[in-house]
Amino acid sequence: PVEMLEYLRLMMMTPEDTRGKPLSDFDYSRTISPANEAAVLQSVVEAVNYQFSLYPQSEEDDANIIKDKALFRLLSYNQRMAVRHRRNEKRLLKRTLVALEKQIRNKGLDVDGLKRAEGSTLGDVLRGDAGKQKTALEDRLEKMGLPVDIR
């Protein structure tokens with residue numbers, strides 16, 4: 001969700017990003033800096049991995065329970081549905097991890113030494129992001145139907 005990313009961008013701000021500017025000057029609906037975005041996506045990866053660690057069995061264990069028809073029939077209806085549900089949750093978490101890791105690679109955030117915003121409130125366009133990123137003013141002008149390029 002967009003709101004979660006905006007919140008995490010704020011939480012991952014560092015003094016190198018702000019350079020003394022107030023946090024309210026930044027537009028969190030946009031990428032603040034490559035280093036900030038990498039920290040944001042990495043925090044989501046860590047949260048998904050933590051969620052995985054809470055399950056006592058692996059997805060493969062659940063699949064084996066489901067495949068073993070004799071054992072599976074011994075379970076009550078609710079227990080069978082719980083095993084299926086738990087396996088589907090694990091599948092979704094795996095897919096989420098794959099998507100996050102792909103996004104990190106595609107945006108070039110899987111390297112060390114990424115730059116910080118250094119006080120720039122314009123945000124950053126990352127590799128793999130579509131087109132030129134607009135400023136908040138350009139967005140407002142466009143929504144009002146006014147020309148964005150006034151040259």
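The values are calculated or read from the model by the stated rules, or taken from the named source; none is laboratory data. The structure displayed is predicted, hence computed values, not measured ones. Cβ: placed from backbone, ideal geometry, glycine included. Neighbour counts: every protein chain shown. Each accessible area value is taken on the protein alone, full model and side chains, heavy atoms only, with ligands, DNA and RNA left out. Shrake-Rupley method; radii C 1.70, N 1.55, O 1.52, S 1.80 Å.
Being more than 20 Å from Ala35 (Cα to Cα), at pLDDT 75 or above and open to solvent by less than 100 Å² (accessible area, probe 1.4 Å): is that true of Arg116 here? It would help to see each step written out before you state the result.
Working: more than 20 Å from Ala35 (Cα to Cα): no; at pLDDT 75 or above: yes; open to solvent by less than 100 Å² (accessible area, probe 1.4 Å): yes.
Spelling it out, it is not the case that Arg116 is more than 20 Å from Ala35 (Cα to Cα), at pLDDT 75 or above and open to solvent by less than 100 Å² (accessible area, probe 1.4 Å).
If you check Lys143 against the conditions, is it open to solvent by 80 Å² or more (accessible area, probe 1.4 Å), of a type in the set (D, E, K, R) and at pLDDT 75 or above? Walk me through it before giving the result.
Details: open to solvent by 80 Å² or more (accessible area, probe 1.4 Å): yes; of a type in the set (D, E, K, R): yes; at pLDDT 75 or above: no.
Spelling it out, it is not the case that Lys143 is open to solvent by 80 Å² or more (accessible area, probe 1.4 Å), of a type in the set (D, E, K, R) and at pLDDT 75 or above.
So in segment 46-60, with the set limited to residues that are outside any loop (DSSP other than H, G, I, E, B) and touching a helix residue (DSSP H, G or I) at 6+ places or on another chain (Cβ under 9 Å), which one is least open to solvent (accessible area, probe 1.4 Å)?
Ranking the qualifying residues of segment 46-60, first place goes to Val48.
Identify, from the list Arg30, Arg73, Arg84, Arg80, the residue that is closer than 28 Å to Met4 by Cβ, surrounded by fewer than 16 Cβ atoms within 10 Å (Cβ to Cβ) and among the basic types (Lys, Arg). Please lay out each step first, then the result.
Details: Arg30 fails: surrounded by fewer than 16 Cβ atoms within 10 Å (Cβ to Cβ); Arg73 fails: closer than 28 Å to Met4 by Cβ; Arg80 fails: closer than 28 Å to Met4 by Cβ.
Arg84 is the lone residue from the list that is closer than 28 Å to Met4 by Cβ, surrounded by fewer than 16 Cβ atoms within 10 Å (Cβ to Cβ) and among the basic types (Lys, Arg).
Does segment 15-45 hold any residues that are assigned to a loop (DSSP other than H, G, I, E, B) and over 18 Å from Val111 (Cβ atoms), and which are they? Write out each step before concluding.
In the first step, residues of segment 15-45 are kept if they are assigned to a loop (DSSP other than H, G, I, E, B); the result is 19-22, 26-33.
Scanning segment 15-45 gives Arg19, Gly20, Lys21, Pro22, Phe26, Asp27, Tyr28, Ser29, Arg30.
Show the residue pairs meeting these rules: Cβ distance below 8 Å; 6+ apart or different chains; first residue within segment 38-50 and over 17 Å from Leu114 (Cβ atoms); second residue in a helix (DSSP H, G or I).
Matching pairs, first to second residue: Val48/Leu93; Val48/Thr96; Val48/Leu97; Val48/Leu100; Asn49/Leu97.
Taking the conditions exactly as written (over 21 Å from Asp17 (Cβ atoms), in contact (Cβ under 8 Å) with a residue 24 or more places away in the chain and open to solvent by 50 Å² or more (accessible area, probe 1.4 Å)), does Glu101 satisfy them or not? Walk me through it before giving the result.
Values: over 21 Å from Asp17 (Cβ atoms): yes; in contact (Cβ under 8 Å) with a residue 24 or more places away in the chain: yes; open to solvent by 50 Å² or more (accessible area, probe 1.4 Å): yes.
Yes.
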